[in-house]
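The values are calculated or read from the model by the stated rules, or taken from the named source; none is laboratory data. Quantities reported herein were computed from a predicted structural model and do not represent experimental measurements. Cβ coordinates were reconstructed from backbone atoms using ideal geometry, including for glycine residues, and neighbour counts include every protein chain displayed.
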Amino acid sequence: MSVSKELPFTKDAFEDIAETYGTPVFVYDEAGIRASAQRLIKAFSWAEELSDGQRNHFAVKATPTPAILRVVHDEGMGFDCSSRPELSMVSGAGLADTGIFYSSNNTPDEDYVYANELGGLINIDKLGYLEQVHRALGGLPTRMAIRYNPGKVKQGNDIIGDPYDSKFGARPDQVIEGLRRMRQLGATDVGIHTMVVSNERRPESFAETARLLRELAERAEAEAGVSVGFLNVGGGIGINYHPDEDPVDIEGISQAIESELAPMGIPIYTEHGRAVTGSHGYLLTRSTHGIQESWHRYLQVDTSINNMARLATVSAAFHVLDVLGREGDPEDKMFVVGSMCANTDRMFKEKLLPITTQPGDLLVIHDAGAHSRAHSHNYNFRLRAGEVLVHPDGTHSLIRRPETEDDLFATTKGL
Ligand SMILES: Cc1ncc(COP(=O)(O)O)c(C=O)c1O
């Protein structure tokens, strides 16, 4: 039997959304997002107590939609931004007051200036960017950070890869030199950031990262006489894509970090994406031609892989897929495909699904709340889906309209 997971909405509610807004469409559960944000904030309350107005940040790149940002802001989260448009979205939505941690790379001068104007804490990715920030801003901000890459002493995973091969961050010696130069150039409160795991479930992995950060801060003090004023442990907490996995122990992860870092008595920041929104988004799609057969069975749907690009790009990606109303029907292995003219448009391969599936049936891809709509693209002129937020009282709103052909041609000349 295929694996299944509980859905927060009934089949009728999904039908209503599909009829109101069309498919494919991303559907978010506001109550679920709020509950996950609250759980994280509670679990990391020890870190909030140490912090100074800055706090748990939401990684905008996970679900960059103003209505979603408003929900997490309402719950008290700040924002981790990594690009100018992310800054513009947070600022334009009037949400910059809960704090911005700006972790960009290959950054133009004007973006550093903009981040600084918004009160964002600039986190440089490479030592070489320090002089650039100094020049672009006409001096350093009082608070700054540098991103640490521990290299071979820390293992990554299938999603993020090993730190040693990652383009992000600086070597320990470079971090220490960066902190020393920051202080020399006028910053009074300097910190270290890192982000080396993704969809990680093991508390011991977070404890290891925290220990590496603490040891580096101690080295900075011992070797360069620099007191590290704060640390950012990044994001990377996983979710249960597989229903048979144990629930992620958010509190255990937080405690693992706390035991390494709380004794330092300095502000500790976090920046989570997937753990906040990942489990609370669904891609709703309708079968167009039901099951068509050649060498395999192909279940044809009205989304292509452009809307769920992580199914093509993340080798470890796994998502539960339900055909609504066909639960318990006989199943067989099939490929789930859209209409893109590319053989990579194969969202699921040999997935056990009901052989009774008919054209018009609704399908739900679970756990599409983070790094999903955000990763979508327009290859082969496939349109990107809109987004709907279901409020705690069951009403729903369109928070991003679906793309149209006009959107595709909006940047071309000659039509
Ligand atoms: C710098 C940084 N912080 C936070 C995140 C959020 O990661 P996650 O959604 O895994 O928590 C990312 C994800 O790519 C990131 O690059």
### Task
May I ask you to verify whether GLN255 is assigned by TED's automatic domain parsing to the domain that holds ALA207 and either touching a His at 6+ places or on another chain (Cβ under 6 Å) or not acidic (Asp, Glu) (or both)?
yes
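Residues are listed down the side, and each one gets a yes or a no for (1) more than 17 Å from ILE68 (Cβ to Cβ); (2) away from the ligand (no atom under 13 Å from the Cβ):
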{"site": "LEU261", "(1), (2)": "yes, yes"}
{"site": "HIS272", "(1), (2)": "no, no"}
{"site": "LEU284", "(1), (2)": "no, yes"}
{"site": "THR288", "(1), (2)": "yes, yes"}
### Query
Within region 118-175, can you find the residues that are of a type in the set (Ser, Thr, Tyr) and modelled with pLDDT of 95 or more?
TYR129, THR142, TYR148
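Quick grid of which residues meet (1) touching a strand residue (DSSP E or B) at 6+ places or on another chain (Cβ under 7 Å); (2) under 22 Å from GLY386 (Cα atoms):
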site	(1), (2)
SER51	yes, no
ILE68	yes, yes
VAL71	no, yes
PHE101	yes, no
SER104	no, no
### Message
Just to verify a result, which residue in region 103-159, among those that are basic (Lys, Arg) and closer than 28 Å to GLU215 by Cβ, is nearest to the ligand (Cβ to nearest atom)?
### Response
ARG147
## Note on the structure
With the first residue restricted to region 232-260 and required to be under 25 Å from MET144 (Cα atoms) and of a type in the set (Val, Ile, Thr), and the second required to be away from the ligand (no atom under 11 Å from the Cβ) and part of a loop (DSSP other than H, G, I, E, B), Cβ contacts under 7 Å at 6 or more apart or on different chains are ILE237/VAL248
### Query
Is there any pair with a first residue in region 28-51 that is aromatic (Phe, Trp, Tyr) and a second that is in a loop (DSSP other than H, G, I, E, B) whose Cβ atoms are under 8 Å apart and which are 6 or more apart or on different chains, and what are they?
TYR28/THR63; TYR28/GLY369
### Query
In this structure, does LEU283 turn out to be under 30 Å from PHE79 (Cβ atoms), free of Cβ contacts under 8 Å to residues at least 40 places away in the same chain and surrounded by 15 or more Cβ atoms within 10 Å (Cβ to Cβ)?
no
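Across region 108-136, what is the number of residues that are in contact with a strand residue (DSSP E or B) (Cβ under 7 Å, 6 or more places away or on another chain) and either surrounded by fewer than 19 Cβ atoms within 10 Å (Cβ to Cβ) or not hydrophobic (A, V, I, L, M, F, W, C) (or both)?
Residues that pass the stated criteria total 9.
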### Message
Among the listed residues VAL233, VAL314, identify the single one that is modelled with pLDDT under 95 and within 17 Å of the chain's Cα centre (by Cα).
### Response
VAL314
### Task
Please verify whether region 192-199 includes one or more residues that are surrounded by fewer than 19 Cβ atoms within 10 Å (Cβ to Cβ) and more than 10 Å from the ligand (Cβ to nearest atom).
no
#### Entry: Of all residues in region 160-191 being surrounded by 19 or more Cβ atoms within 10 Å (Cβ to Cβ) and under 29 Å from VAL276 (Cβ atoms), the one that is nearest to the ligand (Cβ to nearest atom)
GLY169
### Query
How do the pairs read when you match residues in region 378-406 that are under 14 Å from SER339 (Cβ atoms) with residues anywhere that are of a type in the set (A, V, I, L, M) and assigned to a strand (DSSP E or B), using Cβ under 8 Å and keeping only pairs 6 or more apart or on different chains?
ALA385/VAL25; ALA385/LEU283
